[in-house]
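A quick write-up on the structure given underneath.
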Amino acid sequence: MALQVSSCRPKSTLFSLLLCLPLLLLISSSVADLSFNFYAGSCPGAELIVRNTVRSASSSDPSVLGKLLRLIFHDCFVQGCDGSVLIRGNGTERSDPGNASLGGFAVIESIKNVLEIFCPGTVSCADILVLAARDAVEALGGPVVPIPTGRRDGTVSMAANVRPNIIDTDFTVDKMINIFSSKGLSIQDLVVLSGAHTIGAAHCNTFNSRFKLDPKGNLELIDSSLDNSYAQTLMNKCSSSLDPTTTVVENDPETSSTFDNQYYKNLLAHKGLFQTDSVLMEDDRTRKIVEILANDQESFFERWTESFMKMSVIGVRVGEEGEIRRSCSAVN
């Protein structure tokens, strides 16, 4: 089933509507069995169930929206968007220390449980994961991204595949570009998708390499790329007396509960939380894109729509590949 232009109905900007055509041509050349409204006949309420469950979960725990968005990165970058990060057990992707801080799994399972009642054996966990991330962005004021569905779930999940494929917070621009390129994503995609850090939070140990302990046991800034006042705020929040693996800091110190282009404005002000954020300003290839997105939120939303859709089809399993899991945390 080829992707159908007529069923691409994004609700954000005019650009997003026009964007569907070239993206359909791009995606349909490599992923023939995905389509918009894939479940229209087999489970017509599928996307509404995902959206409503995400909204309901976020009303009691707003932080879950950032967690759902992060999940798709950790799934799609490791052997494709196949839901393999959701599988529990020793030696799985989920068990790797690099995924220890992931969250949002209970929301995905809740969605799956509802869908299994209304449409048993029909909607894949891989699709649920992508749709939930898309809906998390929308719930926080971001663009509505048209997402083709029809992914099938992978049956293999290995911890050994995690570290070589995910971005660590101390990576250089070149390292990040290499990983993104291996997934078919461009330098622009790297900068645009880094904008996911406009929401969510991080544990202190993910950026503590930017500081050191002085002889009195207090934190001291050693990364000159960081704004001094912002660095002081981080040091206060991540005092050496606190547990760096449990204390959390918001990724965006300005508008943490809104999906907007503030992340890029923060970078211009040298207030990127992670080293991987700050280095985007140190390379001509990425800095120019940061400057454009910082000055034009509509441009960010338009490019996010394109880049998110591209990421959502990395290495998908379709047709007779994979399976439709009964539970997202275990293979059938």
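The table that follows gives values for the structure above.
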quantity: Solvent-accessible surface (1.4 angstrom probe) belonging to Val144, in square angstrom, nearest 10; calculated: 20
quantity: Dipole magnitude of the stretch 189-238 about its Cα centre (Cβ charges: Lys, Arg +1; Asp, Glu -1), debye to nearest 20; calculated: 180
quantity: Per residue convex hull volume, Cα atoms of the stretch 175-281, in Å³; calculated: 106
quantity: Extension gain, Lys212 back to Ser182 (0.36 nm per residue minus Cα-Cα distance, nm); calculated: 7.4 nm
quantity: Accessible surface, per residue, of the chain when the full set of protein chains is kept, probe 1.4 Å, Å²; calculated: 43
quantity: Selected from Cys81, Ser307, Val192, residue furthest toward positive end of dipole (the chain; charges at beta carbon); calculated: Cys81
quantity: Accessible area of His270 in the full protein assembly, 1.4 Å probe (Å², nearest 10); calculated: 90
quantity: Accessible carbon and sulfur surface of the chain relative to its total accessible area, %, 1.4 Å; calculated: 52
quantity: Accessible area of Arg285 in the full protein assembly, 1.4 Å probe (Å², nearest 10); calculated: 110
quantity: Net charge dipole size for the chain [Lys, Arg +1 and Asp, Glu -1 on Cβ; Debye, nearest 20]; calculated: 440
quantity: Eligible aspartates and glutamates near Lys212 by straight Cα distance, threshold 18 Å, same-chain separation 8 or greater; calculated: Asp170, Glu220, Asp223, Asp227, Asp243
quantity: For the chain, radius of gyration divided by Kirkwood radius, i.e. Rg to Rh on alpha-carbons; calculated: 0.96
quantity: Computed over the stretch 218-332: relative contact order in percent, which uses C-alpha pairs under 8 Å that are six or more apart; calculated: 18
quantity: Accessible-area order (highest first, 1.4 angstrom probe) of the listed residues Glu109, Glu93; calculated: Glu109, Glu93
quantity: Qualifying lysines (Cα of each under 22 Å from Cα of Lys310; at least 8 residues distant if same chain); calculated: Lys11, Lys67, Lys175, Lys183, Lys288
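The values are calculated or read from the model by the stated rules, or taken from the named source; none is laboratory data. Computed from a prediction, not measured in an experiment: that's the story for all the values here. Neighbour counts are summed over all protein chains in view; Cβ atoms, including those assigned to glycine, are modelled from backbone coordinates with ideal geometry. Accessible surface areas use protein heavy atoms only, side chains included; no ligands, DNA or RNA. Shrake-Rupley method; radii C 1.70, N 1.55, O 1.52, S 1.80 Å.
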